[in-house]
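Encoded as C-alpha cells, the structure appears first; notes follow it.
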Amino acid sequence: MPRPLSDSKGNKFLPVLYSLLLITAMGSSTLFSQSTEQEIFRFLRMPTSAQLAGMGGNHVGLWNPNGSLFITNPAYLNKDHHGSSSLNFVNYSADARYSSVHYAHNLSEIGTLGLGFQYAGFGEMTRYDDLGESLGNFEAGDYALHMSVGRNLYPTLRSAFTVHWLYSSLDTYQAAAFGFSGGQHYTHPEKTFAAGLVLKHVGMVYNRYNGSDERLPFDLSMGLSFKPEKFPFLLALTLSDLHRWKLPVLGERNPTQLDYLVRHINFGGEANLGKHAFLRWGYQPYRHEQTQTGQAIDLAGASFGFGIKIKEYQFDISRQSYSRMGGVVQVSLKRIPK
C-alpha cells in the first residue's frame, strides 16, 4: 500500500477532509442536477484558458498542467505552481467580453491555494417599455470569485476543492449564489499519463432574478491524457455532463444511443515544437451538432491553438469555430515560475 504524504505534521487530517468533501458533494449532486433548464452563470462552462480552448474544451485529466487551469480542475494545483499567475481574454461578437485572472500560492502547512476571478460582460443594451418606447440603456454582467486549496493524498494523487461566490446583474435585477467544486488528479510516476475526476458547481442560488428558478451549471466530468511512446503529441479525452445522458440538439429526430454518447466527448492534442512552442487542436462533437450548417466542409466544433514560452512567461492563442456564426479567439498570458 502506498503511504500518504505527511509533509505537514499538524495537518495530516487535511487529505482525509478533502476526500470527504468530494464524496459528500457527489452524494448530494442529484439534488442539483435533475435539469439544466433555467441555468444561470453559464459562462462558467467556458474554457478558462487559450490552452484548453485550443485543445477542444475543459479537459480535467491533463498531464503536467499549470496553475492557471485550476478553475477547470482544482486538483491541478500543486506546490510547483507557487507564484504562478495568468490573464485570459475572449472577444465575442458584438460587445460581449470574457476575462479571467488567477494566482497560486503554496503554504506548506495547508496546501496550494488558488485564487481566481472571472468576468463576463454583455455590453450595453437598450431598455423598452410595453409600447416599444426606449427608456435608455443599461449594462449586464456576470462575476465569479473562486478560492481553492489542493493537497497530495499520495505521491501520484492530488485532491482539492473550490468555494465559489457568483453574482449576476441585469439592469435592476440581480442574482447571487454560493457553490462548491471538488476534483482529483492522478499522474503516473513513470509514463506520460494522467487522469482526473471533477464535480463542479454544487450549491444554491440565494438571490434570484425576480423570484425565478435559476440553477448553477452543474457538471460531472472525467478525463485522461496520454502520450504513447514515440508518438508526436499528447492526446486528451474528457467526458463531460455525465450526470445527464440525453443532451439535446434543437430540431433533431430520433437520436440514437450512440449520438448521445458522442455528445459527451471532448478530445484534442498538444504537440511540442521544440522546447518553447506548442501546437494544439481539438474537437467537440456536441458543439458541431449545435452549430453546423450542413455544408460539405464544416469546421463547426473544431479548435486550434498555438503557444510560445519565453523564460518564465507563456503566451497562448486559440480559435474555436462556430461555423457560419464565426470563430471565437481567446488569448492567455501566464507567468510560470521555474
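The values are calculated or read from the model by the stated rules, or taken from the named source; none is laboratory data. None of these values were measured; they are calculated from a predicted model. Using ideal geometry, Cβ is built from the backbone for each residue, glycine included, and neighbour counts are taken over all protein chains shown. Quick note on the areas: whole protein, heavy atoms, side chains included, nothing else; ligands and nucleic acids left out. Shrake-Rupley method; radii C 1.70, N 1.55, O 1.52, S 1.80 Å.
Observations on the structure shown:
- From the list GLY301, GLY294, GLY251, GLY268, the lone residue that is in contact with a Lys or Arg (Cβ under 9 Å, 6 or more places away or on another chain) and at pLDDT below 90 is GLY301.
- Checked against (1) in a loop (DSSP other than H, G, I, E, B); (2) in contact with a strand residue (DSSP E or B) (Cβ under 9 Å, 6 or more places away or on another chain); (3) open to solvent by 70 Å² or more (accessible area, probe 1.4 Å), MET222 meets all criteria but (1).
- Region 38-69: number of residues that are open to solvent by less than 10 Å² (accessible area, probe 1.4 Å), polar (S, T, N, Q) and either assigned to a loop (DSSP other than H, G, I, E, B) or closer than 15 Å to GLY223 by Cβ (or both): 2
Let's see how each residue does on (1) part of a strand (DSSP E or B); (2) within 30 Å of LYS191 (Cβ to Cβ); (3) more than 20 Å from the chain's Cα centre (by Cα); (4) of a type in the set (A, V, I, L, M):
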position	(1), (2), (3), (4)
GLU229	no, yes, yes, no
LEU242	no, yes, no, yes
LEU247	no, no, no, yes
TYR260	no, no, yes, no
PHE267	yes, yes, no, no
ARG287	no, no, no, no
SER303	yes, yes, no, no
VAL328	yes, no, no, yes
